[in-house]
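Before any comments, here is the structure.
The values are calculated or read from the model by the stated rules, or taken from the named source; none is laboratory data. What you see is a predicted model; the values in this text were computed from it and never measured. Note that we place each Cβ from the backbone using ideal geometry, even for glycine, and neighbour counts take in every protein chain shown. Remember, those area values only see protein heavy atoms, side chains included, never the ligands or the DNA or RNA. Shrake-Rupley method; radii C 1.70, N 1.55, O 1.52, S 1.80 Å.
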Amino acid sequence: MSRPAPISWLLRHPVANAQSRESAALLVGAAVFLVGALASAITFWGDDVPIAGPGSVGQFVALASAAAAAVIFVTTRAVMHASRAAGTLLDPGPPGHGGQLRWYDIGALALAHAVISLLAWLAVAGLLSRSFIGAVVFPASATLLAAVAIAVTAYSVFLSAVGLTPILMSVILAVFVVVGTFASMLSASDPLWWQENLSTLGISDDISALAFNLTVLIAGIIVTTLAHYATAAIPAATPEEVRGRALVRGALVLIGVLLAGVGIFPLDQNMAAHNVSATGMIVVFITVVVRLRSWIPTMSRVFLLLGYLYVGVLVVLAVWFLTGYYTLTAVELVAFVMIFSWLIVFLRQTGAMLLAENRNRGESAILHG
């Protein structure tokens with residue numbers, strides 16, 4: 001039985017293998033707990049504080065957790081890169097794990113973690129304040145609660161950064177888009193925005209427009225990252241298979257670029273570019289679904305049928321909108337959910353294809369060994 005690694009070795013090699021990563025995550029959480037406790041004690045010293053709202057423990061936790069999430073994610077990915085370059089990454093993890101991310105990929109993912117942390121803790125604080133109406137938190141309790149919450153965030157973000165896979169990235173993307181969009185909806189200055197279309201959220205000058213446009217822009221960057229990760233997991237042995245994989249990758253990258261364009265070109269500032277981005281994204285998605293069988297012949301037939309079903313639903317929604325039965329907002333929301341759910345399932349399918357390929361190679365090696 002192997003003995004646990006000493007702490008001194010963990011500090012030098014925090015991401016070397018699965019055991020060191022778990023231990024390093026605990027050390028990161030403990031360090032952030034101490035720093036968070038000190039900052040909380042200084043902030044809350046001598047005064048009772050509300051649970052939510054301005055100057056509350058919930059607001060402090062949300063802001064501190066967002067900052068910690070961004071810093072820890074970037075730092076952890078930098079350590080991963082340095083360990084890989086030095087050859088000390090003993091256990092690279094599951095297939096598709098830890099591939100080289102570009103600087104803007106890391107920035108987008110770090111910001112996504114920060115936004116998720118910010119909005120999640122604000123939501124928790126808001127829920128607790130409604131459950132304990134009129135209650136306040138004593139300084140000692142506020143200090144302890146804040147330190148624990150920030151430490152939990154740091155622990156989770158560290159493990160997310162070192163265990164980054166296409167599936168995990170798809171979950172991060174889905175959670176980020178949901179929380180960002182709902183934040184924009186809840187903070188919209190016009191409560192009847194839904195009577196127009198989803199893009200109306202991005203045309204005002206308030207925090208709602210910033211939240212919506214930033215969410216869509218970052219989501220587009222993450223989709224381009226997922227395009228590389230997802231297609232890299234597709235086995236390709238012949239020139240035709242390599243070409244098909246490249247076409248799928250290019251199409252998914254284009255979807256990400258067009259999605260980012262929705263946020264870069266707000267509806268009220270450049271309607272033509274905005275509409276081209278939104279419509280083009282749907283057109284490219286339908287093209288990928290229709291051509292996927294010829295581009296990737298090994299793709300699951302069940303998944304292909306799911307894609308055809310999605311295209312059929314989109315056509316029905318378009319007919320309903322043109323006949324006045326469905327509003328544009330409803331069509332956009334359903335199309336949005338369908339495209340992202342298809343991307344998530346696609347990632348799982350490509351991961352399963354890579355696992356099957358590796359298993360077949362292992363069995364062949366055993367038979368011919």
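With Cα atoms as the point set, segment 273-360 shows a radius of gyration and Dmax of 15.1, 53 Å.
When the surface is traced with a 1.4 Å probe over the full set of protein chains, residue 301 keeps roughly 110 Å² accessible. Expressed as a whole percent, the accessible area of segment 220-328 that falls on carbon and sulfur atoms is 71 (1.4 Å probe).
Each of residue 320 and residue 348 was given a label point 7 Å from its Cα along the Cα-to-Cβ line. The distance between the two points is 2.4 nm. Surface composition of segment 99-153: carbon plus sulfur atoms contribute 78% of the solvent-accessible area (1.4 Å probe, protein chains only, all chains present).
Across segment 158-172, computed HN-Hα scalar couplings (Karplus, 6.51 cos²θ - 1.76 cosθ + 1.60, θ = phi - 60°) run 4, 5, 5, 5, 7, x, 5, 10, x, 5, 5, 5, 5, 5, 4 Hz from first to last residue, x flagging Gly and Pro. Using the Cα gyration tensor of segment 214-281, with a ≥ b ≥ c the square roots of its eigenvalues, what is the shape: rounded (a/c below 1.5), prolate (a/b larger than b/c) or oblate (neither)? In terms of gyration-tensor shape, oblate.
Between residue 174 and residue 34, what length in nm is gained on full extension when 0.36 nm per residue of separation is reduced by their alpha carbon distance? Spell out each step's value before the answer.
Details: separation 140, 0.36 × 140 = 50.40 nm, distance 3.18 nm.
So the extension gain works out to 47.2 nm.
Per residue, segment 243-301 exposes 48 Å² of accessible surface when a 1.4 Å probe is rolled over the protein heavy atoms with every protein chain present.
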